[in-house]
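Structure, as structure tokens:
The values are calculated or read from the model by the stated rules, or taken from the named source; none is laboratory data. Values in this document were obtained by computation on a predicted structure and should not be read as measured data. Cβ placement follows ideal geometry from the backbone for every residue including glycine, while neighbour counts extend to all protein chains displayed. Ligands, DNA and RNA are stripped out before the accessible areas are found, and what is left, the full protein with its side chains, is counted by its heavy atoms. Shrake-Rupley method; radii C 1.70, N 1.55, O 1.52, S 1.80 Å.
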Amino acid sequence: MSKTCDGQRSGPGLGEGQGRGDVDVPRFVVGCGDDEQDMGQMETGMRNEMYREEEMDGDESPPERQIVVGICAMMKKSKSKPMTQILERLCMFDYISMVIFPEEVILEEPVEKWPLCDCLISFHSKGFPLDKAVEYAKLRNPLLINDLNMQYFIQDRREVYRILQEEGIDLPRYAVLNRDPDNPEECNLVEAEDHVEVNGEVFLKPFVEKPVCAEDHNVYIYYPTSAGGGSQRLFRKIGSRSSVYSPESSVRKTGSYIYEEFMPTDGTDVKVYTVGPDYAHAEARKSPALDGKVERDSEGKEIRYPVMLTAMEKLVARKVCLAFKQTVCGFDLLRANGHSYVCDVNGFSFVKNSMKYYDDCAKVLGNMVMRELAPQFHIPWSIPMEAEDIPIVPTTSGTMMELRCVIAIIRHGDRTPKQKMKMEVRHPLFFDLFEKYGGYKSGKLKLKKPKQLQEVLDIARLLLVELVEHNDCEIEEKKSKLEQLKTVLEMYGHFSGINRKVQLTYLRNGQPKASSEEEDSKKDSPSLLLVLKWGGELTPAGRVQAEELGRAFRCMYPGGQGDYAGFPGCGLLRLHSTYRHDLKIYASDEGRVQMTAAAFAKGLLALEGELTPILVQMVKSANMNGLLDSDSDSLTDCQQKVKARLHEIMQKGQEFTQDDYQKLAPTGSPSLVNSMKVIQDPVKTCDKVYALIQSLNSQIRKRLEDPKSADLQLYHSETLELMLQRWSKLERDFRMKNGRYDISKIPDIYDCIKYDSQHNASLGLEDTLELFRLSRALADIVIPQEYGITKDEKLDIAQAYCVPLMKKIQLDLQRTHEDEAVNKLHPLYSRGVMSPGRHVRTRLYFTSESHVHSLLSVFRYGGLLDDEKDQQWKQAMDYLSAVTELNYMTQIVIMLYEDNNKEPSSEERFHVELHFSPGVKGCEDEENVPLGFGFRPAFSENQDKKTNQGSLEDLSQDQPDQALPLSEPINIQRRSPMIRNRKTGSMEVLSETSPTQSSKGSTSHRLFPSCSRQSPEIKPASGLGFEGCSMVPSIYPLETLHNSLSLKQVDEFLNTVCASSSDAHTKTMKALSSLFDSQSQTSLYSPQQPLSSSGSEASLQPPSQPLWHGSIPSSAVSSAGPSSPITESSGVNFSFSE
């Protein structure tokens, strides 16, 4: 009998004691029975044991045998939530079953009586008998997931450091102080006030003192007297504390310690969790050394931030995993001075609460067990080829192509109206401030940091007090302006650099006076122009737009088959956490742009939690010499001239003549011509607009007098008072003293009315739609034309804005196809960690309107293609000229594919596509939407045939946004049942026309069921809970502008365009040279705190510390699974299209 069983267990090294093990099997089942609380696994364990018993009875061998995975650890660990989640998923493998060793068996029974298993997951924690586990492994010889002998070393920090050093992994500089417990006085330690000397090595404070025993978490950090001395004492988290400050400055006198340099990180520690050498999940948490307060979220869990590992860090993860022979292994990284240092290896540990990690971990472990054991059990099993691992896609021409690079330039999301006030100041206090922050170097100064804004506020308060007390003319600053300055700076009760800034500009001879009536006496003494900017914050609707777009954006990436089929866009997430996605997100230094980038990243990578941590870790603040920022105050000469001409034409008191049409719209673009037809006579239209603004203001004043509505809360916590301030300032500024209109205020008027008609429609103010219609028509002329009227001007102005960005795009495209620099770095890289040549590089640039306009102008008028000869381009140009406004979330997307069947040198090997979306839908866009020709990326052609209506239907129930980009024309309507049915129809129509689309692009049917925003079917309860987010407008789908460009064409085009602006070129080259040189070295990982970095500071940094992070691919954010409960519920309320 026992022979049969032995035969069954034809596993490795079955020693004696086998028979006893068999007899003991049922005992174990009883052991399980006692632990009723452990639901699923126990049953599997029991089932499995019963099954073994039957085997022993019957001699015929069953068809195949289960592989038993044993979990041998302390109960606290084996029953922990992560372990439970992962084991539940492991059980889904057909041939794997689980058995958990009960704690009393581990502690009290001899190892001969322990349950049998083929594969052992066993790890040390407090109270665990590691010696017995080692003995068991010798006896049964199971496959070990984590080596047991190495776990002795992990308990001693000296050994850990020794092993790390042997592997050539960067460590902080350290020395070991071994003390003999019997006479602790005899040791090589010399202590001075601000340093210690250990074995002759000097460590200046701040330094770290760690007990040699890894189980002892009492790590102390000693501070220098210059910083106030004392020490920070770290310990195992207790409630919400992980460290406490102590005035004690001298080191501990008993016990053995490691002394090491303190690494200045940015206040975060990176925790890395490997599952085998090729998978690592990384997250950061607030460093316990910071203030000892553990950051917890609303559910009381420690807040962890997502992190991208660089290529070097991935290599470190691989080395740590292999050196310590721990498949599942956690270790800590410190990122400091552009390097990453390992400071602690913890051995077996799981990520807490990340569904995505649980899925991946179970998958990696399950495949590992099967790969090792399936052959000897004769289990028919082949390693599943991860379909998502290689981003290969069928293209338009029917060949298989690999997606290599996605570049997107995206405008920020919906924001509050931007406001600014200018005043000339001459008070010595302002000049002192200007000097203090180095304003004289460039003649300009930007103040954004809380401390700086506080100083401006203090000056304003002081001057106002003096004005009241003395009422003399010493203080020239106008009282009303000072009061406004004070009000705005006090507005939120606290400063955050994201929503306000003060700019000071030095004027040598004072400000040229606008009109003669102002006294000229002091005109020629120097003064400062103070510009206060506020507002322009991202609204909750803007955050939702960005996050939804990020989620939809995943679908641009192929993959997501198999297990992930129900979760579109998962191809990207897989790519991302298996180190094959090299993602960098850049944003200009404006708060709204950065928050948009962070919200987008959150949607794209399925992250959870607040935006701030995501912003700090993931978004590079690109105040890098104008890459994404434009100094709007320093307009080019060409722009000044264009503005002047625009103002002149718009101030004629007569209807537009043919001649004006020629002057204003030389490109003949339909969107301009239509707006001119609406306006007819610009001055009369301005009169109407002015009258409407007056009426709006009087309506708001009436509301304010009415006690019922006086303290109404408007959208985004604005009050009627503030709304009135906004509009009355526009009323004052729009009509100048001489009775003419200030055309430059038109965009602001449109901005405000667009905001109020979307977010504050509930006020029911009269005539807002008429004001919206007229100001929109005016804005549709003024805004685009400020970027140039003729083609040449448009190009000229565009180059002034975006040459640095175009050079960077060119670099992104080149970098991708010059075989990854990464693989050249080190031959080790290509072994399994990153199958070479399988990266997808994603570069996302978030910016403001000016850059998006400019970049589009370059593509339109820079001569990329000849629309006479190229039909597809001509259609694209017609479509673009019909687009009236580049609204929030406008996207320009460039995708690069590689055709591996073509010769490496052939022009056809790399293929570029250009896509575009005009962003968010306006309030009443549905009727006059310009029709494009659908989204036709290389990979959607064949996919349309396969898409199954059912799955799309399910999606619309769950996460409406995600169905978007698959075949763009679908508008998932959430409002009326009638439209729901039509949606599936549109899908069918699409698949009929799709296969016939040639690269010239035949029209695919577009259904835009016009469903106005205020349609009666809006379900009142749907989404109003979240600051009125039911009004999140949907975003236009991407339209393909061209899908068969060669990389060479694009490259030459970018060269020409960048070179033709040669004067601009020399300027940007100086600026860029320091940036691009730095690209090869991995510099400054420590994510800058983009919130505070002011442009002026950035430019002063020495080039040796480039502001740019090196372009080594970043990776491995694995994070939340399909959707957290929060997103799920909200996903239903504000769908992508209303």
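Quick rundown of the values:
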read-out	value
Options LEU865, LEU886: the member that is part of a loop (DSSP other than H, G, I, E, B), aliphatic (A, V, I, L, M) and within 20 Å of ASN1055 (Cα to Cα)	LEU865
Residue check for MET401: open to solvent by 40 Å² or more (accessible area, probe 1.4 Å), modelled with pLDDT under 85 and either over 17 Å from LEU1047 (Cβ atoms) or part of a strand (DSSP E or B) (or both)	no
Count of the range 278-297 residues which are in contact with a Lys or Arg (Cβ under 8 Å, 6 or more places away or on another chain), modelled with pLDDT of 75 or more and under 19 Å from CYS343 (Cα atoms)	5
Of all residues in the range 681-708 being more than 21 Å from ARG740 (Cα to Cα) and in contact with a Leu (Cβ under 7 Å, 6 or more places away or on another chain), the one that is most open to solvent (accessible area, probe 1.4 Å)	ARG701
Failed condition for GLU159, given (1) without any contact (Cβ under 8 Å) to a residue 12 or more places away in the chain; (2) among the acidic types (Asp, Glu); (3) part of a loop (DSSP other than H, G, I, E, B)	(3)
Flag if PRO184 is over 21 Å from TYR161 (Cβ atoms) and surrounded by fewer than 20 Cβ atoms within 10 Å (Cβ to Cβ)	yes
Number of positions in the range 709-732 that are open to solvent by 50 Å² or more (accessible area, probe 1.4 Å), of a type in the set (D, E, K, R) and under 22 Å from GLU537 (Cα atoms)	1
The one condition in (1) touching a Phe, Trp or Tyr at 6+ places or on another chain (Cβ under 8 Å); (2) open to solvent by 50 Å² or more (accessible area, probe 1.4 Å) that LEU315 fails to fulfil	(2)
Members of the range 77-108 found to be open to solvent by 50 Å² or more (accessible area, probe 1.4 Å) and either under 30 Å from GLN376 (Cα atoms) or part of a strand (DSSP E or B) (or both), listed by number	GLU88, MET92, ASP94
Number of positions in the range 885-914 that are at pLDDT below 90 and open to solvent by 10 Å² or more (accessible area, probe 1.4 Å)	13
Residue in the range 423-445 that is farthest from THR505 (Cα to Cα), counting only those that are part of a helix (DSSP H, G or I) and open to solvent by less than 60 Å² (accessible area, probe 1.4 Å)	LEU429
Meets criteria (open to solvent by 50 Å² or more (accessible area, probe 1.4 Å), aromatic (Phe, Trp, Tyr), out of contact with any Leu (no Cβ under 7 Å at 6 or more places or on another chain) and in contact (Cβ under 8 Å) with a residue 40 or more places away in the chain) for PHE153	yes
The one condition in (1) touching a residue at least 12 places away in the same chain (Cβ under 8 Å); (2) among the charged types (D, E, K, R); (3) surrounded by fewer than 15 Cβ atoms within 10 Å (Cβ to Cβ) that LYS677 fails to fulfil	(1)
Options GLY229, GLY255: the member that is part of a loop (DSSP other than H, G, I, E, B), farther than 25 Å from VAL320 by Cα and under 39 Å from the mean Cα position of the chain (by Cα)	GLY229
Qualifying residue in the range 191-201 (condition: under 38 Å from the mean Cα position of the chain (by Cα), of a type outside the set (D, E, K, R) and crowded, with 17+ Cβ neighbours inside 10 Å)	no
Boolean, GLN810 is surrounded by fewer than 21 Cβ atoms within 10 Å (Cβ to Cβ) and within 30 Å of HIS839 (Cα to Cα)	yes
Selection within the range 619-634 - open to solvent by less than 10 Å² (accessible area, probe 1.4 Å) and either of a type outside the set (Gly, Ala, Ser) or modelled with pLDDT under 65 (or both)	VAL619, ALA622, MET624, LEU627, LEU628
